[in-house]
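S.K.: Mind having a look at this structure? Questions to follow.
The values are calculated or read from the model by the stated rules, or taken from the named source; none is laboratory data. This one's a predicted model, so the numbers in the text were calculated from it and none came from an experiment. Counting neighbours? That spans all protein chains shown, and the Cβs are built from the backbone with ideal geometry, glycine included.
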Amino acid sequence: MKNLEASNISSDSGTIPKYIIKDIESTYFTKFPKDYIDFITKHNAAYLKADVFDYFDQEREKENSNGITFIAGQKISEFIEILLSQSTDNPNDPDVWKFYRYFDSRLIPFGENGGGDFICFDYRNHNGDNPPIVIWSHDVANNSKRISFIANNFEEFINMLHEPEDE
């Protein structure tokens, strides 16, 4: 995949052992795409030059663009635990955002956009090793519009990445 080649990597945190990723798979009963495992173990916490993706934003009900920074492999479980600990589907729970937010345990974040939203593998209705890719938005008041579909799988997602357009 062209967008995962070394020429597109702006920086990374080096390599990590595969067992770290395999431990996450085991803990959360998932199987990651092979291309993701190969990439993240060689380029942990990567920043890409072509890091922008376009998708239909459920909340705004229009096309939107966003960027991705890959989460360090050893931090994925930590992010999941934090998101789950803050998750509630009870609108009466006090919350600093003054509305309730819900994070589904079958979403596995592998990237973030820098604004508090996470790019995730979506295992809610998928049991294989190539789940759809979604973005989970942290500051959306309507939980039914919190998750927006991005791509059918990891390869499709990577292939849609492009460099930011000049403004």
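S.K.: Has segment 134-146 got at least one residue that is part of a loop (DSSP other than H, G, I, E, B), under 20 Å from residue 51 (Cβ atoms) and at pLDDT below 95?
M.R.: So the first thing to find is which residues in segment 134-146 are part of a loop (DSSP other than H, G, I, E, B), and the list is 137-142, 146.
With the extra rule that they be under 20 Å from residue 51 (Cβ atoms), the set shrinks to 137-138.
Subsequent filtering for residues that are at pLDDT below 95 retains 137-138.
There is at least one residue in segment 134-146 that is part of a loop (DSSP other than H, G, I, E, B), under 20 Å from residue 51 (Cβ atoms) and at pLDDT below 95.
S.K.: Quick one: count up the residues across segment 123-148 that are within 13 Å of residue 104 (Cα to Cα), touching a helix residue (DSSP H, G or I) at 6+ places or on another chain (Cβ under 9 Å) and either crowded, with 19+ Cβ neighbours inside 10 Å or among the β-branched types (Val, Ile, Thr) (or both).
M.R.: So the count comes out to 3.
S.K.: Taking segment 29-82, which residues are surrounded by fewer than 20 Cβ atoms within 10 Å (Cβ to Cβ), free of Cβ contacts under 8 Å to residues at least 40 places away in the same chain and closer than 19 Å to residue 155 by Cβ?
M.R.: Of everything in segment 29-82, those that are surrounded by fewer than 20 Cβ atoms within 10 Å (Cβ to Cβ), free of Cβ contacts under 8 Å to residues at least 40 places away in the same chain and closer than 19 Å to residue 155 by Cβ turn out to be 37, 38, 41, 42.
S.K.: Which residues, counting only those in segment 23-41, are of a type in the set (Ser, Thr, Tyr) and either modelled with pLDDT of 95 or more or in a helix (DSSP H, G or I) (or both)?
M.R.: Our first condition is that a residue be of a type in the set (Ser, Thr, Tyr); within segment 23-41, this holds for 26-28, 30, 36, 41.
Once the filter is applied, which keeps residues that are of a type in the set (Ser, Thr, Tyr) and either modelled with pLDDT of 95 or more or in a helix (DSSP H, G or I) (or both), segment 23-41 yields 26, 27, 28, 36, 41.
S.K.: Condition check: under 25 Å from residue 42 (Cα atoms), at pLDDT 95 or above and either assigned to a strand (DSSP E or B) or acidic (Asp, Glu) (or both). Does residue 149 satisfy that?
M.R.: Values: under 25 Å from residue 42 (Cα atoms): no; at pLDDT 95 or above: yes; either assigned to a strand (DSSP E or B) or acidic (Asp, Glu) (or both): yes.
The answer is no for residue 149.
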